[in-house]
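Engineer: Sending over a structure as structure tokens; questions will come in a sec.
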Amino acid sequence: MSLEVRAIDESEFHAWLVAKRGGFLSPPVVADEEVADRLPHTDLSRTFGAFDRGRMVATFHSFDQKLSTVGGADLAANAVSAVTVAATHRRRGLLSRMMADDLALAKERGDACATLIAAEYPIYGRFGFGVASWATEWLVDVTRSGLDRHWSGPSAEDGGGRIDFSDAAEIRKEGPELHRRFAAQCAGITDRTPRGWDLGTGNAYHAQPWTEPFYAIYRSAVGEVEGYVAYTTDDKWSDQKQPVNTATVRDLIAVTPAAERALWRFVCSVDWVTKVRTGYRAPDDVLPLLLPDPRAAQVLTHADMVWLRILDVPKVFEPRTYATEGALVLEVQDAAGYANGRYRLDASPAGGSCVPTTAAPDLVLDVAELATLALGDESAVRLAALGRIEEPAAGAAARADLLLRTSRRPWSMDIF
């Protein structure tokens with residue numbers, strides 16, 4: 001039986017939300033208030049559904065996104081989200097049809113790449129996506145960390161800054177510029193729209209009950225905002241009437257090392273808090289080594305975060321910067337054809353040039369493997385050892401690592 005795949009119209013948005021929730025195994029019930037809140041912020045031309053005799057059986061959505069690359073430039077990305085297929089309609093090619101249509105439109109728009117966060121790891125490699133960044137969450141036992149529980153704020157030796165409690169309105173005012181500054185320092189950061197800031201600070205409809213977090217802002221000695229943290233706490237006490245509360249960090253952004261150290265020390269010194277859940281952080285976050293006893297930080301989660309699908313190789317590799325000077329010829333294999341070809345990358349700390357070439361390749365790799373290298377996270381030497389890339393030119397993988405890898409790993413703090 002033929003299944004129709006197309007963009008939905010306004011009258012179908014409620015049914016689309018219901019189908020999406022059901023696909024993620026959430027109760028398939030959507031309040032009218034949620035529809036009214038989300039509809040004005042949804043581009044229906046990029047909101048797809050699959051229909052079987054009028055019933056929605058699959059969902060797919062994409063939107064414009066900016067993705068920071070090495071050196072601080074932004075890549076124009078097509079962010080993919082809300083991908084579901086009903087359990088009754090699996091293995092019928094619905095995701096393949098929706099993905100193919102969406103990527104074709106993204107390529108036509110001139111997007112450099114597509115991004116997504118995968119609910120399941122094995123799905124997206126066949127569409128040319130590769131893992132571009134990873135995330136780690138720690139649980140810190142502050143009673144075993146060795147930190148001074150009587151810490152009362154940054155000292156002159158720490159830079160002379162200060163930490164003050166804040167509120168959601170001030171975060172919406174100060175946060176966007178702080179986030180932009182941080183994205184210029186860290187590859188892999190996805191942009192936050194005004195809508196995103198509203199959602200993240202409780203200033204929009206939430207299907208689940210909203211818990212207002214505590215907000216605290218770090219200011220430098222001259223009063224410049226250099227970081228903030230948002231965290232919630234539970235209310236737990238032991239049978240011996242001792243507080244055993246856990247603070248859960250929802251957001252922590254810092255643009256200076258002093259701000260980062262101070263905000264983590266602050267969260268780990270709040271009275272009654274005995275454990276801190278860090279939320280998803282970069283795998284090489286400084287936090288564990290900030291603790292006198294790093295063993296007090298237990299890894300709860302370490303998993304893939306942002307998946308990248310390169311649509312235009314020069315548009316991905318020319319805006320970024322490189323650790324040193326050098327050249328590589330990359331032969332990229334892309335079954336869909338978007339990035340297929342051979343390219344010469346001439347790289348330097350000032351930037352790069354990436355152009356088609358007929359020269360002999362140094363490395364031969366699938367577009368999904370190239371995506372894992374694009375933001376500096378993965379090692380070409382490791383991929384070669386795994387047999388996932390070919391190395392026609394001896395030593396080319398090691399040269400690629402010198403050019404492409406970064407001193408700090410890329411990271412995305414937001415789920416989309």
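The values are calculated or read from the model by the stated rules, or taken from the named source; none is laboratory data. Just so it is clear, the structure is predicted and the values come from calculations on it, not from any experiment. Positions of Cβ are generated from backbone atoms using ideal geometry, with glycine treated the same way; all protein chains shown enter the neighbour counts. The protein model used for the area step is the full one, side chains on, heavy atoms only, and it has no ligands, DNA or RNA in it. Shrake-Rupley method; radii C 1.70, N 1.55, O 1.52, S 1.80 Å.
Engineer: Find out how many positive minus negative residues lie around Asp377, taking Lys and Arg as positive, Asp and Glu as negative, among other residues whose Cβ is under 15 Å from that of Asp377.
Structural biologist: Neighbourhood net charge equals +1.
Engineer: From the phi angles alone, apply the Karplus equation (6.51, -1.76, 1.60; θ = phi - 60°) to region 91-96 and give each ³J(HN,Hα) in whole Hz, x where the residue is Gly or Pro.
Structural biologist: Those phi angles translate into 6, 10, x, 5, 4, 4 Hz.
Engineer: Suppose only helical runs count, i.e. DSSP H with n ≥ 4. What mean residue ellipticity at 222 nm does that imply for the chain under -39500 (n - 2.57) per run, divided by all residues and rounded to the nearest 500 deg cm²/dmol?
Structural biologist: Values: 11 runs with 100 residues, N = 416.
Rounded to the nearest 500, the figure is -7000 deg cm²/dmol.
Engineer: Compute the accessible area per residue over the chain, keeping the other protein chains in place, probe 1.4 Å, unit Å². Display every interim value, and only then the final one.
Structural biologist: Numbers: 19440 Å² over 416 residues.
I get 47 Å² per residue for the chain.
Engineer: Of the heavy-atom accessible surface of region 332-416 (probe 1.4 angstrom), what whole percent is carbon and sulfur? Write out the running numbers ahead of the final one.
Structural biologist: On the way: 1960 of 3760 Å².
Its accessible area is 52 percent carbon and sulfur atoms.
Engineer: Would you check the chain for Lys pairs whose C-alpha atoms are within less than 16 Å, ignoring same-chain pairs closer than 8 in sequence, and give me the count? Display every interim value, and only then the final one.
Structural biologist: Details: Lys66/Lys107; Lys66/Lys315; Lys107/Lys315; Lys236/Lys275.
Going through the chain pair by pair, I get 4.
Engineer: Pairs of alpha-carbon atoms within less than 8 angstrom and 6+ residues apart define the contacts here; what relative contact order does the chain have, in percent?
Structural biologist: Working: 903 pairs, mean separation 77.3, N = 416.
After rounding, I find 19 percent.
Engineer: Within region 91-200, what whole-number % of the accessible surface is contributed by carbon and sulfur, with the 1.4 Å probe and all protein chains included in the calculation? Spell out each step's value before the answer.
Structural biologist: Numbers: 2730 of 5450 Å².
Solvent-exposed carbon and sulfur of region 91-200 make up 50 percent of the total.
Engineer: Could you quote the convex hull projected area for region 273-351, Cα atoms only and averaged over all directions, in nm²?
Structural biologist: 8.4
Engineer: Once the Cα gyration tensor of the chain is diagonalised, what are the square roots of 5 times its eigenvalues, in whole Å and ordered largest first, as equivalent ellipsoid semi-axes?
Structural biologist: On the way: eigenvalues 272, 192, 71 Å².
Three semi-axes, in Å: 37, 31, 19.
Engineer: Let me ask another. May I ask you to evaluate 6.51 cos²θ - 1.76 cosθ + 1.60, the Karplus curve with θ = phi - 60°, for each residue of region 39-56 and list the ³J(HN,Hα) values in order in whole Hz, giving x for glycine and proline?
Structural biologist: Using θ = phi - 60°, the values come out as 4, x, 9, 10, 7, 5, 5, 10, 10, 9, x, 10, 10, 10, 6, x, 9, 6 Hz.
Engineer: Another question, if that's okay. What percentage of all Cα-Cα pairs in region 118-240 are separated by more than 24 Å? Each step should come with its number before you reach the end.
Structural biologist: Working: 3787 of 7503 pairs.
Everything past 24 Å amounts to 50 percent.
Engineer: Sequence-distant or interchain residues sharing an amide H contact under 5 Å with Thr357, placed H: which?
Structural biologist: Arg342, Tyr343, Arg344
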